[in-house]
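One structure is given below, encoded as structure tokens.
The values are calculated or read from the model by the stated rules, or taken from the named source; none is laboratory data. It should be emphasised that the depicted structure is a prediction, and the values quoted were computed from it without experimental measurement. Positions of Cβ are generated from backbone atoms using ideal geometry, with glycine treated the same way; all protein chains shown enter the neighbour counts. Each accessible area value is taken on the protein alone, full model and side chains, heavy atoms only, with ligands, DNA and RNA left out. Shrake-Rupley method; radii C 1.70, N 1.55, O 1.52, S 1.80 Å.
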Amino acid sequence: MTDLFSATQFSLLFLFALMASVLLQLWLALRHVNHVKRHRNAVPAEFAEQITLASHQRAAAYTIAKTRFGMLTTIFDAMILAAFTLGGGIAWLSNLTAQWFTPDSLGHGIALIASLAVVSSVLSLPFSLVSTFVIESRFGFNQMSAKLFITDLTKTTLIGAVIGLPLIAAVLWLMGAMGEYWWLWVWLTWLGFSLTLMWVFPTFIAPLFNKFIPMEDGEVKARITALLTRCGFQSNGLFVMDGSKRSSHGNAYFTGLGKSKRIVFFDTLLKHLSPSEIEAVLAHELGHFKHRHIVKRIVWTFALMLGFLWLLGQLKTQLWFYQGLGVATPSTAAALLLFFMVLPVFTFLFSPLSSMMSRRHEYEADAFAASQSSSADLVNALVKLYRDNAATLTPDPWHSLFYDSHPPASLRIAALQRLAV
């Protein structure tokens, strides 16, 4: 790989890939906005009885606002990435932190990565504020106060530092000390860290942000308990989370591994769905468990990371890789930063593959739910969730192909109705 590129050639390749990625994202977003606009004045026939024109138009306006804001975010993120790489931002931070730490030492690497994380967080903060307090508030979804926003930001930063800094230190040390196959050791370390985090998150981290109250006895709990028994699923309990203190969006999810598995319902979800509809939603989630979708995704993620770390191992010794991205002096931390910062630029075209796999899993989970509960109840629950969360019923097909982890509403509902026949 030594003579694959010159520094100038790699700079041009990266610049071309960055511009192509941004233009493609903007084109998809424009298609999405225009498609939703064209269909905003008529509710799709299959939803006409359950969703009013006013709700449909509200979802269209919400989708358009989020998509347009996403376009601004895409442009800004690309400019920041170019500034950190070709513009010499990482090199500047490296020289700055070298005033206090020996260049390419463990301390210097940790300081460089931490300083970049801080700068990136500060630069992205205005976008988080606008998203939460302007867009989400405009459409009645935001329930978060400024105090809670600051509290969450502080907690997230502290937890990130407590967990992230030791991991970074371990990775950088392994990269420098384990020879040619350092990437395998780093992968094993990251694998162990990820599995441990999945295990401890529901018990120790999530409660720092939300209250998790055991579900009260009643019809909902009785239905869920019977469903879990039928499906042979064991969990560490059923919990209700106070999601309403941040947003009026509703959801339900599994979390944890092994004996720490929990089933969590947002209080907003329980408020708007009937007991039979809640049972159907949980049956869908159990479908993911029964089809081992979560395990498959974890294995796929781990396999991809192994491949990426191997590739980084090949690039780490190539001078053109550093110089082509604005860093004159190679270092372990710079290699790690540059690689994972530019990786999304070169992999964006593969996004439809991941989305397609996720949508296939959703169809399979829906089919399982229909076999264990009522497909009609799941349809009713989904329609309510589309309405209450202002999810568009008319996404652009190409935008959906690239981004949507769930099938478009019309296709998903039609598939469930066929199962009911």
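Name the single residue, out of those in the stretch 401-421 being free of Cβ contacts under 8 Å to residues at least 12 places away in the same chain and not in a loop (DSSP other than H, G, I, E, B), that is nearest to K271 (Cα to Cα). Looking at the filtered set, the residue picked out is L411.
Considering (1) within 30 Å of L174 (Cα to Cα); (2) open to solvent by less than 20 Å² (accessible area, probe 1.4 Å), the lone condition that L343 does not fulfil carries the number (2).
Conditions (1) more than 21 Å from the chain's Cα centre (by Cα); (2) among the charged types (D, E, K, R); (3) farther than 19 Å from L12 by Cα, marked per residue:
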site: W300; (1), (2), (3): no, no, yes
site: G307; (1), (2), (3): no, no, yes
site: A335; (1), (2), (3): yes, no, no
site: F339; (1), (2), (3): no, no, no
site: V342; (1), (2), (3): no, no, no
site: F368; (1), (2), (3): yes, no, yes
site: T394; (1), (2), (3): yes, no, yes
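Any residue at all in the stretch 369-384 that's touching a Pro at 6+ places or on another chain (Cβ under 7 Å) and assigned to a helix (DSSP H, G or I)?
no
Taking the criterion of being within 10 Å of P103 (Cβ to Cβ) and surrounded by fewer than 21 Cβ atoms within 10 Å (Cβ to Cβ), the only residue of the stretch 325-340 that qualifies is T329. Any residue that is under 28 Å from the mean Cα position of the chain (by Cα) and among the hydroxyl-bearing types (S, T, Y) - is there at least one of those in the stretch 17-29? Looking for residues that are under 28 Å from the mean Cα position of the chain (by Cα) and among the hydroxyl-bearing types (S, T, Y), one finds at least one in the stretch 17-29, hence yes. Hey, F133 hits all of (1) over 29 Å from G250 (Cβ atoms); (2) touching a strand residue (DSSP E or B) at 6+ places or on another chain (Cβ under 7 Å) but one; which does it fall short on? Among (1) over 29 Å from G250 (Cβ atoms); (2) touching a strand residue (DSSP E or B) at 6+ places or on another chain (Cβ under 7 Å), the lone unmet condition for F133 is (1).
Is the stretch 266-282 home to any residue that is open to solvent by less than 20 Å² (accessible area, probe 1.4 Å) and farther than 19 Å from P214 by Cα? Looking for residues that are open to solvent by less than 20 Å² (accessible area, probe 1.4 Å) and farther than 19 Å from P214 by Cα, one finds at least one in the stretch 266-282, hence yes. Total residues in the stretch 189-214 satisfying the condition of being open to solvent by less than 40 Å² (accessible area, probe 1.4 Å), part of a helix (DSSP H, G or I) and polar (S, T, N, Q): the figure is 1.
Identify all residues within the stretch 207-219 that are of a type in the set (A, V, I, L, M) and at pLDDT 90 or above; write none if there are none.
Our first condition is that a residue be of a type in the set (A, V, I, L, M); within the stretch 207-219, this holds for 208, 213, 215.
Correct list: L208, I213.
Based on this model, can you work out whether T154 counts as free of Cβ contacts under 8 Å to residues at least 60 places away in the same chain, more than 30 Å from L13 (Cβ to Cβ) and surrounded by 15 or more Cβ atoms within 10 Å (Cβ to Cβ)?
Numbers: free of Cβ contacts under 8 Å to residues at least 60 places away in the same chain: yes; more than 30 Å from L13 (Cβ to Cβ): yes; surrounded by 15 or more Cβ atoms within 10 Å (Cβ to Cβ): no.
When the stated conditions are applied, T154 does not pass them.
Scanning the stretch 53-72 for residues that are hydroxyl-bearing (S, T, Y) and surrounded by fewer than 18 Cβ atoms within 10 Å (Cβ to Cβ) turns up just one, S55. Within the stretch 197-211, residues that are touching a residue at least 24 places away in the same chain (Cβ under 8 Å) and among the aliphatic types (A, V, I, L, M) have Cβ atoms under 7 Å from residues that are part of a loop (DSSP other than H, G, I, E, B) and surrounded by 13 or more Cβ atoms within 10 Å (Cβ to Cβ) in these pairs: M198/G256; M198/L257, counting only partners at least 6 apart in sequence or on another chain.
Can you tell me which of A117, A91, A83, A61 is in contact (Cβ under 8 Å) with a residue 60 or more places away in the chain and closer than 30 Å to M19 by Cβ? I'd like the intermediate steps shown before the answer.
Values: A117 fails: in contact (Cβ under 8 Å) with a residue 60 or more places away in the chain; A83 fails: in contact (Cβ under 8 Å) with a residue 60 or more places away in the chain; A61 fails: closer than 30 Å to M19 by Cβ.
When all the criteria are applied, what remains is A91.
When D217 is tested against (1) among the acidic types (D, E); (2) surrounded by fewer than 12 Cβ atoms within 10 Å (Cβ to Cβ); (3) within 30 Å of A283 (Cβ to Cβ); (4) in contact (Cβ under 8 Å) with a residue 12 or more places away in the chain, just one condition goes unmet, and that condition is (4).
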